[in-house]
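Q: Got a structure here, written out as structure tokens. Questions coming.
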Amino acid sequence: MEEKELQEQLDEIKWNDSVARGEDACGSYTYCVNCDKSLENPCAKALGLEKVLAEKPAKKPAAKKPAAEKKPAAEKKPAAEKKPAAKKKA
């Protein structure tokens, strides 16, 4: 959908809401915080920006993995005593 078409649809919605409320609905939508009325198709631009901001996940710092608990060093077993090599018979 083109921006102009979106603006026309939003204008119709805004008009119907204004009639139902008995007052101008301009500025009453969540996307209106992004509105710049000096631009062409301001509602469409504001809504588009709101969607972009909502869809873009905020970058969060990577969670640090908890440090692994250090296990106490296993006690070293004494090395087995080496037996002398058997003598070869001649």
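Every number here is computed from the coordinates shown, using simple stated rules; none is lab data. As the structure is a computational prediction, the values presented were derived from the model and not from experiment. Reconstructed Cβ throughout: ideal geometry from the backbone, glycine too, with neighbour counts over all protein chains shown.
Q: At 7 Å along Cα-to-Cβ for each site, give me the label-to-label distance between residue 2 and residue 37 in nm.
A: Rounded to a tenth, the inter-label distance reads 2.6 nm.
Q: Under a point spin-label approximation (7 Å from Cα along Cα-to-Cβ), what is the residue 11-residue 88 distance to one decimal in nm?
A: 10.6
Q: Can you give the extra length, in nm with one decimal, that the chain gains between residue 21 and residue 52 once fully stretched, where that is 0.36 nm per residue apart less the Cα-Cα distance?
A: Between residue 21 and residue 52, full extension yields 8.2 nm more.
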